[in-house]
Amino acid sequence: MTDVESFAQAINSDTRLIWIETPTNPMLNLIDIKAICKLAKSAGILVCVDNTFASPYLQTPLDLGADIVMHSCTKYLGGHSDVVMGALIVNDEQVANQLQFIQNAVGAIPGPQDCFLMLRGIKTLHLRVQRSCENANKIAHFLKNHPKVNKVYYPGFKTHPGHQIAVEQMNDFGGMVSFDLKEDTAKSAFAIMRSTKLFLLAESLGGVESLIGHPATMTHASIPQMDRHKIGLTDSLIRLSVGVEDVDDLLSDLKQALDA
Ligand SMILES: Cc1ncc(COP(=O)(O)O)c(C=O)c1O
């Protein structure tokens, strides 16, 4: 999807929905939402954007032409890693009615306590995401200059292939940073993940606390190694969800883990 022209070739008469995730997990590729929506509109196809990584504070896909926005509210919207919830946001009554029919039929409704926690979380979304973005920016630059680090994936770098798209469709570059190691083995990644004290090892993201994860054996373990390598998801790739802690504490935590 980063190559809109070749993506256009993949659309055929059976295509009903185009599903975009941007920035992507865990490589942080950027997809041009406006360009894909333009393509879809001309073919009468709906576009859904998984907006989980950006959150509504950084990216509003309906304004860019999308028909449906999906959030794992479990992440930034809730923000405290204590709720599992999802949401679909639409701007068309017919689509809303169709989705509501399914929701009613299968009973996929959130509980009152979950709703309370979600509403409370959303009140500080802007503060949390803003701080995560600031922290992530500093951490990405620190990692870029570290001798043990091979490559840092962060849309805020001018050298990132999707940087210009990020500038155009996002308000900031988000709190997610991925990087891999010069010594490209899972063992090296494990050694670092075992050494961090503030970055906790967990699959989730978007909470106030910083998390560290190993996509090859966690979120993307079900993808064959060959396919993972094709997209740059190396054995040593580490994904960070940068939280809202004091950035100097986070930097010294990563520094001691990398140096150990
Ligand atoms: C981008 C993205 N979309 C969707 C999901 C699924 O969300 P949930 O775990 O709330 O079902 C996740 C994480 O698990 C995610 O990272």
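Where a number appears in this text, it was derived from the coordinates with a stated rule and is not lab data. Remember, it's a predicted structure, so these values are computed and weren't measured experimentally. For neighbour counting, all protein chains shown are included, and Cβ atoms are generated from backbone atoms with ideal geometry for every residue, glycine included.
Report the label-to-label distance for Ala202 and Asn91 in nanometres (one decimal), using points 7 Å from each Cα along the Cα→Cβ vector.
Result for the modelled spin labels: 3.4 nm.
Calculate the spin-label point distance for Met218 paired with Lys38, positioning each point 7 Å from the Cα along the beta-carbon direction, and give it in nanometres.
So the two model labels end up 3.8 nm from each other.
How compact is the range 125-259 by the rule of thumb for globular proteins, expressed as Cα Rg over 2.2 N^0.38 Å?
1.00
Viscosity 1.567 mPa s, temperature 4 °C: give me the Stokes-Einstein translational D for the range 4-122 in µm²/s, with Rh taken as the Kirkwood radius over C-alpha pairs.
Calculated translational D: 84 µm²/s.
How many percent of DSSP beta bridges within the chain run antiparallel, rounded to 5?
If I count the DSSP bridges inside the chain, around 60 percent turn out antiparallel.
Could you work out how far the C-alpha centroid of the range 149-210 sits from that of the range 2-39, in angstrom?
Between the Cα centre of the range 149-210 and that of the range 2-39, the gap is 23 Å.
Give me the three principal axis extents of the range 110-158 from the C-alpha atoms, as integers in angstrom, largest value leading.
Taking max minus min along each principal axis of the Cα atoms, the range 110-158 gives 49, 18, 15 Å.
List the extent of the Cα atoms of the chain along each of their three principal axes, largest first, rounded to whole Å.
Here the spans come out as 57, 45, 33 Å, largest first.
Kindly write out, for the range 235-240 in residue order, the coupling ³J(HN,Hα) from the Karplus curve 6.51 cos²θ - 1.76 cosθ + 1.60 (θ = phi - 60°), rounded to whole Hz, with x marking Gly and Pro.
Rounded to whole hertz, the list is 5, 9, 4, 10, 10, 10.
Quick one: among Asp50, Asp249, Asp67, which has the greatest mean-square fluctuation in a GNM of the chain with alpha-carbon springs under 10 angstrom?
Asp249
Given H placed 1.01 Å from N in the peptide plane, which residues other than close sequence neighbours of Gly86 have an amide H under 5 Å from its amide H?
Result for Gly86 returns Cys73.
Starting from the amide H of Asn150, placed 1.01 Å from N in the peptide plane, find each other amide H under 5 Å away whose residue is 5 or more places distant or on another chain.
Under 5 Å from the amide H of Asn150 lie the amide H atoms of Asp180, Leu181, Lys182, each far enough along the sequence or on another chain.
First select every other residue whose beta carbon is under 14 angstrom from the beta carbon of Val129; then total the charges, Lys and Arg +1, Asp and Glu -1.
Local net charge: +2.
Give the value in nm², to one decimal: projected area of the alpha carbon convex hull of the range 1-66, averaged over all directions. All intermediate terms of the calculation are to be shown ahead of the outcome.
Numbers: hull surface 17.0 nm².
Mean orientational projected area (the range 1-66, Cα hull): 4.3 nm².
Can you check what the net charge comes to around Val149, using other residues whose Cβ is under 9 Å from the Cβ of Val149 (Lys, Arg +1; Asp, Glu -1)? Write out the running numbers ahead of the final one.
On the way: positive: Lys144, Lys148, Lys151, Lys182; negative: Asp180.
Net of charged neighbours comes to +3.
Which order do peptides 215-222, 105-112 fall in by mean Cβ count within 10 Å, highest first?
215-222, 105-112
Just to be sure I understand the rule: take each whole DSSP H helix in the chain, project its Cα atoms onto its long axis, keep it if the span is 27 Å or more and its mean Kyte-Doolittle hydropathy is at least -0.5. Which ones pass?
Span-like helices in the chain: 125-144.
Report the Cα centroid-to-centroid distance between the range 217-260 and the range 72-87 in angstrom, as an integer.
Rounded to whole Å, the Cα centres lie 21 Å apart.
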